[in-house]
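Here's the structure, in structure tokens; my notes come after.
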Amino acid sequence: MAADRTYAPGDLVGVLTTGPLGRVLDYKAPEGGCGDGDFVEVPLGPRRVLGVVWGPGEGSFDPARIRAVHRVLEAAPMRAELRAFLTRAADYTLTPLAAMLRLATRAPGLGDAVSMRKVYRLAGPVPNQMSEARFRVVEALRRFGHAPVTLGELAEEAGSGASVVKGLVKLGVIAEEDSPRDLPYPPMQPKVGGHL
């Protein structure tokens, strides 16, 4: 199986859409480029549809009329093995390849933007004079270490209200940052001992 290719901005790419067209369409790679298997959003007539970069474009169409990929979705690329499986399954079952792709991409929220949440961490110097509630918040953050902590988790751990945390944010003691709600799992470390 050939290695996945990457395409520079403006290169022709073949995109298989979930629309009922039955063939790969040519598009120009977007800013930042893309690669084989990337989930993309492309213009198709007056609307935008989901598609997957299936390979290089054919170039058999007037280059002036070829439109660009709108955006690359923030999802892991479809592996070459799955693309090959979908092609074989479509051939075997006499199903249009676009219909097979539509079945494989029925994940809720695939095209949605990444959902964010506010997290808190220690940022600046801790003042010498603090109220008991503020002291409990700072100590709770120290117990969490460098782990991202939401406002609710921090207030509950410290036994204080959200307004105390917000006050420390205004003083610069605590930093408030945006973080994705669904972080990837940390990589496995088989050499580190532990329970399964």
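For region 6-104, what's the radius of gyration and Dmax over Cα atoms, in angstrom?
Values for region 6-104 (Cα only, Rg and Dmax): 12.7, 37 Å.
Helix 80-93 versus the longest principal axis of the chain: what is the Cα-based angle in degrees, 0 to 90, to the nearest 10?
Taking Cα atoms only, the helix is inclined about 50 degrees.
Below 23 Å, Cα to Cα, which lysines can K166 reach? Residues fewer than 8 away in the same chain don't count.
K118
Ignoring everything except DSSP H segments at least 4 long, calculate the 222 nm mean residue ellipticity for the chain; use -39,500 (n - 2.57) per segment, divide by total residues, nearest 500.
Helices in the chain give a 222 nm mean residue ellipticity of -8000 deg cm²/dmol.
Could you point to the label whose value was computed as Cα extents along the principal axes in Å for the structure here, given [x] 73, 45, 26; [y] 38, 35, 32; [z] 53, 41, 25?
Evaluating Cα extents along the principal axes in Å on these atoms matches [x].
Rank these for me by crowding, S115, S179, going from fewest to most other beta carbons within 10 Å.
Sorted ascending by nearby Cβ count, the order is S115, S179.
Just to check I understand the Karplus step: with θ = phi - 60° and J = 6.51 cos²θ - 1.76 cosθ + 1.60, what whole-Hz values come out for region 9-23, glycine and proline as x?
Here the 3J(HN,Hα) series is x, x, 5, 7, 10, x, 10, 8, 9, 7, x, x, 9, x, 8 Hz.
I want to check the label-to-label distance for T105 and R65. Put each point 7 Å from Cα in the C-beta direction and report it in nm to one decimal.
Spacing of the two 7 Å Cα→Cβ label points: 2.3 nm.
If r is the Cβ-Cβ distance from R48 to M116 and R0 is 22 Å, what FRET efficiency results, to the nearest 0.05?
Efficiency, rounded to the nearest 0.05: 0.45.
Just so you know, all these numbers are worked out from the coordinates, no wet-lab data involved. All values derive from a computational prediction rather than experimental measurement. Because the Cβ atoms are built from the backbone with ideal geometry, glycine has one as well, and the counts that use them run over all protein chains shown.
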